[in-house]
Amino acid sequence: MAGLTSTPNQENPFKTSWVNRLIFAVIIGYLFYSMSTLGLTLDRLIIGFGESERLLSRMFPPDFSRSSLLLSGLAESLQIAIISSFFGIVISLFLGLMAARNMMPAIVSIPIRGFIALCRSFHPVIIAILFVKAVGFGALAGILTLVFASIGFIAKLFAEAIEEISFKPVEAIRATGASFMSVILYAVMPQVFTRFIGFASYQLDSNLRNSTMVGIVGAGGLGGTLFSAFQRFDYDFVAAILITIIALILVGEFLSNIVRRVF
């Protein structure tokens, strides 16, 4: 029992700090200030719940009668996701390698890291608007958008994974006089391959979601059909589209889990 009693010299791990209290009070104060300036009131929330109930009542039962329009948009979204994921992942492999500071000199890695940060700076919808203005409406704008977004996410993770490898296998392969590509294939890739597979499968899953979203601004896919249905107040067809998107994401998640298990 003596070991359970506290001694006067024992420090309290939960001692209060006026600095922490002040920081917490400032955060709470800023939250209330932001809510007041943005007009977030309880009345608006209650009205929103009432409107949501009316919207849901108009959405159900879903209307799957226009299955041909639904399937054509779904097929286009799937094609956009697969093509953009392939090119985005392949380009990210090279950019991630060039951005790795333990494999490349600063004169190469710093500009590449800047480009990757640029790709990651904008939301896919903003990028889609730019590409729609550049190349016109359709799937090409969606593919370019998701390639750009894939580079911003995957290349950064690839570079960080390469920077975390053990350098002993790299030095051993270099000591044999092997070429740079041999070092990459036999010393670097075996250490990061499983992580690359995980990153790539996650990006495919992300592109499946985003391919249905960029169509809202005219970049092809099921998003255009969804936006048109909202404009026509065709809410039962909107529900059918949303259910189809959910099914697409669930199938993508199932396939990505299988890929991760295999590798």
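The values are calculated or read from the model by the stated rules, or taken from the named source; none is laboratory data. The model shown is predicted, which means the values in this text are computed figures rather than measured ones. For neighbour counting, all protein chains shown are included, and Cβ atoms are generated from backbone atoms with ideal geometry for every residue, glycine included. Only protein heavy atoms, including side chains, enter the accessible area calculation; ligands, DNA and RNA are left aside. Shrake-Rupley method; radii C 1.70, N 1.55, O 1.52, S 1.80 Å.
Is one or more of the residues making up region 245-252 assigned to a helix (DSSP H, G or I), modelled with pLDDT under 80 and open to solvent by less than 70 Å² (accessible area, probe 1.4 Å)?
Checking region 245-252: at least one residue is assigned to a helix (DSSP H, G or I), modelled with pLDDT under 80 and open to solvent by less than 70 Å² (accessible area, probe 1.4 Å).
Could you check region 66-101 and list, in sequence order, the residues that are open to solvent by 10 Å² or more (accessible area, probe 1.4 Å), of a type outside the set (A, V, I, L, M) and part of a helix (DSSP H, G or I)?
67, 68, 72, 76, 79, 86, 87, 94
If residue 220 satisfies every condition in (1) in contact with a Lys or Arg (Cβ under 8 Å, 6 or more places away or on another chain); (2) outside any helix (DSSP H, G or I); (3) of a type outside the set (Lys, Arg) but one, which is the exception?
Single failed check for residue 220: (1).
Considering 122, 137, which residue is under 17 Å from the mean Cα position of the chain (by Cα), surrounded by fewer than 19 Cβ atoms within 10 Å (Cβ to Cβ) and not in a helix (DSSP H, G or I)?
Values: 137 fails: under 17 Å from the mean Cα position of the chain (by Cα).
Result of the check over 122, 137: 122.
Condition test on residue 158, is it open to solvent by less than 20 Å² (accessible area, probe 1.4 Å) and modelled with pLDDT of 80 or more?
On the way: open to solvent by less than 20 Å² (accessible area, probe 1.4 Å): yes; modelled with pLDDT of 80 or more: yes.
Spelling it out, residue 158 is indeed open to solvent by less than 20 Å² (accessible area, probe 1.4 Å) and modelled with pLDDT of 80 or more.
Would you say residue 49 is closer than 30 Å to residue 139 by Cβ and open to solvent by 70 Å² or more (accessible area, probe 1.4 Å)?
Working: closer than 30 Å to residue 139 by Cβ: no; open to solvent by 70 Å² or more (accessible area, probe 1.4 Å): yes.
No, not satisfied.
Out of the residues in region 182-237 meeting the condition of being of a type in the set (D, E, K, R) and under 12 Å from residue 81 (Cβ atoms), tell me which one is least open to solvent (accessible area, probe 1.4 Å). Steps first, answer last, please.
To start, the set of residues in region 182-237 that are of a type in the set (D, E, K, R) comprises 195, 205, 209, 232, 234, 236.
With the extra rule that they be under 12 Å from residue 81 (Cβ atoms), the set shrinks to 205, 209.
Working: 205: 12, 209: 89 Å².
Of everything passing the filter in region 182-237, 205 is least open to solvent (accessible area, probe 1.4 Å).
Residue under question is residue 29, and the condition is that it be more than 18 Å from residue 242 (Cβ to Cβ), among the small types (Gly, Ala, Ser) and either under 31 Å from the mean Cα position of the chain (by Cα) or surrounded by fewer than 10 Cβ atoms within 10 Å (Cβ to Cβ) (or both); does it hold?
Numbers: more than 18 Å from residue 242 (Cβ to Cβ): yes; among the small types (Gly, Ala, Ser): yes; either under 31 Å from the mean Cα position of the chain (by Cα) or surrounded by fewer than 10 Cβ atoms within 10 Å (Cβ to Cβ) (or both): no.
Answer is no for this residue.
Might you check whether a residue that is within 14 Å of the chain's Cα centre (by Cα), without any contact (Cβ under 8 Å) to a residue 40 or more places away in the chain and in a helix (DSSP H, G or I) occurs anywhere in region 152-171?
The answer is yes, given that some residue of region 152-171 is within 14 Å of the chain's Cα centre (by Cα), without any contact (Cβ under 8 Å) to a residue 40 or more places away in the chain and in a helix (DSSP H, G or I).
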